[in-house]
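Asker: I'd like to ask you about the structure that follows.
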Amino acid sequence: MSLSGLLRTLPTINAINSSLGSLSLLSRQPYSMYKPFVKEPVYNIEQLDKLIESGEAKKREFVPVKAARNDHNVSVFYDDLTSKFVNMVMVKGQKELARNLVEMGYMKVKQIQLAKYYEATTDAERAEIELNPITIFHKALENCSPVLQLTPIKRGGSTYQVPIPITENRARFLAMKWMILECREKERKIHFPERLAVELIDAFNNTGKVVKRKQDLHKQCENNRAYAHYRWG
Amino acid sequence: MAALREVLIFNSKCFRGVRSYFCSSPAFQYSSLSPNNASSNVQKLDFEESDTKRISKAMKSYMERAKIHDNFIKEQLHQYNIGKRHLANMMGKDPEFFTQHDVNEAIRYLFPSGLYDPRARPMMKHPDEIYPKRKAAEFDMNGRPFHSLFYTSKPNYYNLLHDLAVKFKQLDNHEDKMIYRGIQDQQASELFLFGTDWVSKESVESVLLESLTDSQYSNLIKTMERFAQHRYAVREKNFIMQFRHQLAAQTEIQKIPELMRDESNRPFTTFSARRKRSNATVKVIGEGTGLISINGEDILYFKRKQDKEQIIFPLEFCNMLGKVDVVATCEGVGMSGRVGSIRLAIAMCLRCFVDAETIERMRLAGLLSYDPRERERKKPGQPGAREKFTWKKR
């Protein structure tokens with residue numbers, strides 16, 4: 001391949017050997033086809049601008065960059081969190097179905113909000129109603145994200161549920177996971193998009209089952225506050 | 001006493017016959033060392049002539065091996081030189097001025113090989129390049145080692161670490177003096193380290209003539225890294241740069257193809273790319289209106305939204321959406337692979353139509369990188385690549 005041939009001729013980062021190209025790795029590291037020093041791509045235009053301005057981009061001059069994923073793009077309709085959410089909704093690799101469900105959900109959100117908008121009489125009321133489903137989704141996730149989590153720690157024969165701090169990624173993951181679980185109705189009478197729309201708007205208003213679940217977790221953490229020091233043994 | 005010494009010295013690692021560094025000063029330069037032939041050591045030692053001095057068994061067996069090796073290398077060198085002259089005669093060139101490059105060409109011409117790996121093909125090189133170098137005698141005729149760190153079994157490696165420690169102290173002393181005088185001379189080490197990276201383990205091994213474990217190598221690099229972060233590390237720049245090699249800038253590695261002109265004098269480029277068992281050939285034509293053709297059909301050749309977005313991704317990124325035409329042919333299994341290969345090919349072609357800054361932006365966005373990810377193979381004893389059969393306790 002012309003590309004890999006070119007990459008092979010000139011010296012690049014330490015200890016490169018491969019038949020495909022200088023970025024890939026043979027069986028040494030089983031979890032990634034890329035070598036450890038290869039950097040993640042930055043495809044968001046704003047983030048890229050910031051990177052170049054701050055001078056960080058200069059450091060990457062000599063470092064190869066991973067290929068951009070096929071669910072990333074620079075379209076105005078693209079949202080990072082939505083992309084993650086779609087991946088979590090996806091089952092058995094049916095990406096297109098998952099994406100359609102989520103986008104139908106957003107459409108329903110818009111319909112519900114528009115209905116409220118047209119019913120509103122005063123300008124003040126209209127200004128309060130949020131119409132952008134992406135904004136609603138972001139706010140809903142924020143409202144559903146826990147601040148602490150419980151972890152089982154064994155002390156003296158019994159296992160205690162100890163409250164520990166949570167990372168941003170984990171909090172976001174839990175919020176999305178709970179949202180999806182709540183939307184998968186047991187009786188299957190109401191389909192996923194409708195349920196999602198209702199749940200998102202509820203969470204946006206800080207009500208609903210998902211927010212309740214988060215608050216229950218917080219209550220549990222508060223109750224188990226006495227065991228917090230078990231974290232350090 | 002002699003028997004005890006033999007027990008202590010009779011270690012296989014001593015008889016590797018590896019070159020040792022006679023370091024008198026703490027700061028020695030690796031590049032200035034000259035090859036030390038084992039046979040010359042024999043003459044220097046002079047022990048064969050003296051009757052009163054007894055040779056230890058260790059030294060005796062070392063001498064035998066060194067002699068054998070030396071003779072072997074001499075023989076190989078002799079054969080190599082004769083072979084070179086033969087080749088020169090065969091190729092009709094002057095034997096006096098026949099270089100290694102000429103030798104390689106001659107071999108390639110006379111012994112054409114269809115083997116894939118270059119290392120498996122026939123070669124004729126100088127014996128020094130083929131046979132690993134060995135250290136000179138590490139101990140004298142009584143079996144007493146010259147190097148104080150001989151019994152670490154890697155004297156050169158540990159000596160290097162000791163050197164670093166000494167240099168570190170020297171730099172600290174210098175810093176103290178500067179602080180005492182009130183001089184604030186801060187020169188960031190990033191300035192002279194930029195664009196370089198630490199040498200590989202193999203390079204270090206070939207310089208030290210000792211094999212290192214991975215942990216020893218990483219220990220060395222960590223120590224050097226810490227040393228290079230010192231405020232006054234620039235004073236030891238030459239020493240540090242011995243262990244660093246120059247990197248090629250990523251944008252320089254990939255040569256941008258030339259713009260060609262077609263019948264209607266419109267500029268165009270072609271690029272072929274691969275992704276996951278699919279390949280695509282894409283022709284991007286400038287002065288266009290944004291027409292996209294894939295295998296003769298419109299962009300609607302791809303049914304999924306994601307795939308269509310991927311085709312547009314590089315065009316949108318470079319603000320070239322309505323300005324160029326794209327003609328793509330793709331083949332291979334799988335829609336995702338086809339789309340990925342087309343995307344890469346479009347991005348590669350667009351390099352000819354944009355400025356250097358945008359090319360660097362594309363590179364940072366991951367548009368110009370070949371995606372090496374492949375489908376993971378199924379393993380025996382498992383239904384899939386990662387999935388396992390149901391675990392039964394009994």
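Read-outs: derived from the displayed coordinates by stated rules, not from any lab. Everything quoted here is computed from the prediction, not taken from an experiment. Don't worry about glycine lacking a Cβ; one is built from the backbone with ideal geometry, like all the others, and counts go over all protein chains shown.
Asker: Return the distance in nm (one decimal) between the two label points of a simple spin-label model at A:Glu46 and A:Lys189, each offset 7 Å from Cα along Cα→Cβ.
Answerer: Between A:Glu46 and A:Lys189, the label points sit 4.3 nm apart.
Asker: May I ask you to list the aspartates and glutamates whose Cα is less than 13 Å away from that of B:Lys201, ignoring any residue fewer than eight positions away on the same chain?
Answerer: B:Glu210, B:Asp214
Asker: Distance between the C-alpha centers of the stretch A:89-129 and the stretch B:66-138? Whole Å please.
Answerer: 75
Asker: Also, I was wondering about something else. For the residue pair B:Arg65 and A:Val147, what label-to-label distance in nm results when each label sits 7 Å from Cα along the Cα-to-beta-carbon direction?
Answerer: Between B:Arg65 and A:Val147, the simple spin-label model gives 7.0 nm.
Asker: Shifting gears a bit: Check cross-link reach from A:Lys219 to the aspartates and glutamates: straight Cα distance under 15 Å, and skip same-chain residues fewer than eight apart.
Answerer: Qualifying aspartates and glutamates at Cα under 15 Å: none.
Asker: Can you tell me what the convex hull of the Cα atoms of the stretch B:151-249 projects to on average, as an area in nm²?
Answerer: On the way: hull surface 28.0 nm².
Reported value for the Cα convex hull: 7.0 nm².
Asker: Can I ask one more? How large is ³J(HN,Hα), in whole Hz, for each residue of the stretch B:63-77 in order, when computed from phi with the Karplus curve 6.51 cos²θ - 1.76 cosθ + 1.60 and θ = phi - 60°, using x for Gly and Pro?
Answerer: After applying 6.51 cos²θ - 1.76 cosθ + 1.60, I find 4, 4, 5, 4, 4, 4, 4, 4, 4, 4, 5, 4, 4, 4, 5 Hz.
Asker: Compute the angle between helix A:95-119 and the longest alpha-carbon principal axis of chain A, please, reported from 0 to 90 degrees and rounded to the nearest 10.
Answerer: On a 0 to 90 degree scale, this one is about 40.
Asker: Rounded to whole Hz and in sequence order, give me ³J(HN,Hα) for the stretch A:158-167 from the Karplus expression 6.51 cos²θ - 1.76 cosθ + 1.60, θ = phi - 60°, writing x for Gly and Pro.
Answerer: With coefficients 6.51, -1.76 and 1.60, one gets 10, 9, 9, 8, 9, x, 9, x, 10, 7 Hz.
Asker: Same structure, new question: Using a ≥ b ≥ c from the Cα gyration tensor of the stretch B:204-257 (square roots of the eigenvalues), is it rounded, prolate or oblate, where a/c under 1.5 gives rounded and otherwise the larger of a/b and b/c decides, a/b for prolate? Provide the component values of the computation, followed by the final result.
Answerer: Numbers: a/c = 2.41, a/b = 1.41, b/c = 1.71.
Oblate, because a/c is 1.5 or more while a/b does not exceed b/c.
Asker: If you place +1 on the Cβ of every Lys and Arg, -1 on the Cβ of every Asp and Glu, and leave all else neutral, what size is the dipole of the stretch B:151-249 about its Cα centre, to the nearest 20 Debye?
Answerer: On the way: 12 positive and 13 negative charges, 56 e Å.
Around 280 debye, computed over the stretch B:151-249.
Asker: Give me A:Cys144, A:Cys183 ranked fewest to most by other Cβ atoms within 10 Å of their Cβ, as a rough exposure proxy.
Answerer: Details: A:Cys144 30, A:Cys183 23.
By the 10 Å Cβ count, ascending, the order reads A:Cys183, A:Cys144.
Asker: Within the stretch B:203-291, report the GluC sites (Glu not before Pro) that DSSP leaves as loop and that have at most 15 other Cβ atoms within 10 Å.
Answerer: On the way: sites: B:Glu205, B:Glu210, B:Glu225, B:Glu236, B:Glu252, B:Glu258, B:Glu263, B:Glu287; in loops: B:Glu210, B:Glu258, B:Glu263, B:Glu287.
Answer by residue number: B:Glu258, B:Glu263, B:Glu287.
Asker: Which distance in nm do the two modelled labels at B:Phe168 and B:Ser153 give, with both placed 7 Å along the Cα-to-Cβ direction?
Answerer: Simple spin-label model gives 2.5 nm for this pair.
Asker: Check B:Ala365: other-chain or 5+ apart residues with amide H under 5 Å from its amide H, H built from backbone geometry?
Answerer: Here the answer is A:Val42, since their amide H atoms fall under 5 Å of that of B:Ala365.
Asker: How high is the FRET efficiency between B:Ala249 and A:Gln220 when r is their beta carbon distance and R₀ equals 56 Å, given to the nearest 0.05? List each step's numbers first, then the result.
Answerer: Values: r = 54 Å, r/R0 = 0.96.
About 0.55, to the nearest 0.05.
Asker: Normalising by the residue count of the stretch B:146-279, find the relative contact order in percent from Cα pairs under 8 Å and 6+ residues apart.
Answerer: Numbers: 80 pairs, mean separation 34.1, N = 134.
Taking the mean separation of contacting Cα pairs over the length of the stretch B:146-279, I get 25 percent.
Asker: Another question, if that's okay. What order, most packed first, do the peptides B:66-73, A:63-70 have when packing is the mean number of other Cβ atoms within 10 Å of each residue? Show your work: numbers first, answer last.
Answerer: Details: B:66-73: 14.6, A:63-70: 20.6.
The packing order, highest mean first, is A:63-70, B:66-73.
Asker: Run the Debye formula on the Cα coordinates of the stretch B:223-380, all scatterers equal and no solvent, and tell me log10 I(q)/I(0) at q = 0.10, 0.14, 0.16 1/Å.
Answerer: Taking Cα atoms of the stretch B:223-380 as identical point scatterers yields -0.48, -0.72, -0.86.
Asker: Determine ³J(HN,Hα), in whole Hz, for all residues of the stretch B:200-216 in sequence, where each value follows from phi through the Karplus function 6.51 cos²θ - 1.76 cosθ + 1.60 and θ = phi - 60°; x replaces Gly and Pro.
Answerer: Per residue, the Karplus-derived 3J(HN,Hα) values read 7, 4, 4, 5, 4, 5, 6, 7, 7, 6, 9, 7, 10, 7, 4, 5, 5 Hz.
Asker: Which order do B:Arg266, B:Arg377 fall in if you start with the one that has the fewest other Cβ atoms within 10 Å?
Answerer: Working: B:Arg266 14, B:Arg377 7.
Lowest count first: B:Arg377, B:Arg266.
Asker: Can you give the log10 of the normalised intensity I(q)/I(0) at q = 0.07, 0.09 Å⁻¹, computed with Debye over equal Cα scatterers of the protein assembly as shown?
Answerer: At q = 0.07, 0.09 Å⁻¹ the computed log10 ratios are -0.76, -1.09.
Asker: Further question on the same structure: So what is the relative contact order of chain A, in percent, for Cα pairs below 8 Å that sit 6 or more residues apart? Kindly include the intermediate steps, with their values, before the conclusion.
Answerer: Numbers: 239 pairs, mean separation 37.1, N = 233.
Relative contact order comes out at 16 percent.
Asker: Rounded to the nearest whole Å³, what is the per residue volume of the convex hull around the Cα atoms of the stretch B:57-130? Walk me through the numbers on the way to the answer.
Answerer: Numbers: hull volume 7.4 nm³, N = 74.
Here the figure is 100 Å³ per residue.
Asker: Can you give the helix-only mean residue ellipticity at 222 nm for chain A, where every DSSP H stretch with n ≥ 4 adds -39500 (n - 2.57) and the sum goes over all residues, rounded to the nearest 500 deg cm²/dmol?
Answerer: Values: 10 runs with 119 residues, N = 233.
So the calculated ellipticity at 222 nm is -16000 deg cm²/dmol.
Asker: For a quick check: with amide H placed at 1.01 Å from N, whose amide H comes under 5 Å from B:Lys135's, ignoring anything fewer than 5 positions away on the same chain?
Answerer: Sorted by chain and number, the residues that satisfy this are B:Val18, B:Arg19.
Asker: For B:Thr196, enumerate residues with amide H under 5 Å from its amide H, sequence gap 5+ or separate chain, H modeled in the peptide plane.
Answerer: Correct list: B:Leu247.
Asker: Also: Strictly over 28 Å apart at the Cα level, which of A:Lys212/B:Lys392; B:Lys93/B:Lys125; B:Lys222/B:Lys388; A:Lys92/A:Lys177; A:Lys92/B:Lys308; A:Lys59/A:Lys139 would you flag in this model? Walk me through the numbers on the way to the answer.
Answerer: Values: A:Lys212/B:Lys392 38 Å; B:Lys93/B:Lys125 18 Å; B:Lys222/B:Lys388 40 Å; A:Lys92/A:Lys177 17 Å; A:Lys92/B:Lys308 22 Å; A:Lys59/A:Lys139 35 Å.
Table pairs above 28 Å Cα-Cα are A:Lys212/B:Lys392; B:Lys222/B:Lys388; A:Lys59/A:Lys139.
Asker: Counting other beta carbons within 10 Å of each Cβ, put B:Ile221, A:Ile190 in order, fewest first.
Answerer: Least to most surrounded, the residues fall as A:Ile190, B:Ile221.
Asker: Put one equal scatterer on each alpha carbon of the stretch A:49-191, apply the Debye formula with no solvent term, and list log10 I(q)/I(0) at q = 0.10, 0.18 1/Å to two decimals.
Answerer: Debye curve over Cα of the stretch A:49-191, log10 I(q)/I(0) at q = 0.10, 0.18 Å⁻¹: -0.58, -1.19.
Asker: What FRET efficiency comes out for A:Asn132 versus B:Tyr109 if R0 is 60 angstrom and r is the Cβ-Cβ distance? Round to the nearest 0.05. Working shown, then result.
Answerer: Numbers: r = 71 Å, r/R0 = 1.18.
About 0.25, to the nearest 0.05.
Asker: How long is the stretch A:37-88 along each principal axis, judged by its Cα atoms, biggest number first, in Å?
Answerer: On the principal axes, the stretch A:37-88 reaches 34, 22, 14 Å in Cα extent.
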